[in-house]
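Below you'll find the structure, written out as C-alpha cells, and then a few comments.
Each reported figure results from applying straightforward, stated rules to the coordinates on display, with no laboratory input. Keep in mind it's a predicted model, so treat the numbers as computed, not measured. Note that we place each Cβ from the backbone using ideal geometry, even for glycine, and neighbour counts take in every protein chain shown.
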Amino acid sequence: MSVAHKNGFKIPNAIKSLCWSVNGVIDLKSNAEYIIHQVLALGDIQDIEWLFQVYDRVKIEDAFLHSNYGKGLYIKSVLNFLTKFIFKNLEISKNKYNQMLKKVY
C-alpha cells in the first residue's frame with residue numbers, strides 16, 4: 001500500500017517561500033494539497049522533484065485533479081507542461097482545464 005506522505009522530510013526554504021500564504025507552521029500532512037498545488041504552479045523542476053520524493057504520485061495526481069486549491073492558479077504554459085510531461089499525457093477535461101487556468105485580464 002502506498003503512503004501519501006513519507007515521514008522524515010523537512011520543508012526546504014525554497015518550498016516555504018512558495019507557500020507564502022500559510023500563517024505559522026506548514027505541515028506536510030495537513031497542508032498537502034496546498035503544498036502540491038503551490039509547488040506545481042510556482043516551483044521549478046527541483047521543487048517538483050522534491051514534491052515527488054515527499055508524496056506518492058497517486059497523491060499528487062489526485063490533488064492536482066480534484067483539489068479546489070488549483071482553481072485559477074495555473075498559467076497555460078505550466079498547465080500544459082504538467083499534463084503532458086510531468087503527468088505523462090494526463091487526461092483532463094476541458095472544463096477542469098479551464099477552471100485551473102489563471103484568468104489574465
Of the candidate values (1) 28, 20, 13; (2) 22, 16, 12; (3) 42, 12, 10, the one computed for semi-axes √(5λ) of the Cα gyration tensor in Å from this structure is (2)
Of all trypsin sites (Lys or Arg not before Pro) in segment 55-102, which ones are in loop regions per DSSP and have a Cβ with at most 12 other Cβ atoms within 10 Å?
LYS88
My understanding is that a pair violates if its Cα-Cα distance is over 20 Å; which of LYS59/LYS88; LYS16/LYS84; LYS29/LYS59; LYS29/LYS96; LYS59/LYS84 do that in this structure?
LYS16/LYS84; LYS29/LYS96
Can you put PHE87, PHE64, PHE9 in order of Cβ neighbours within 10 angstrom, beginning with the fewest?
PHE9, PHE87, PHE64
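Fewest to most neighbouring Cβ within 10 Å: what's the order for TYR97, TYR74, TYR105, TYR69? Please list the in-between numbers first.
Numbers: TYR97 14, TYR74 23, TYR105 2, TYR69 19.
Lowest to highest Cβ neighbour count: TYR105, TYR97, TYR69, TYR74.
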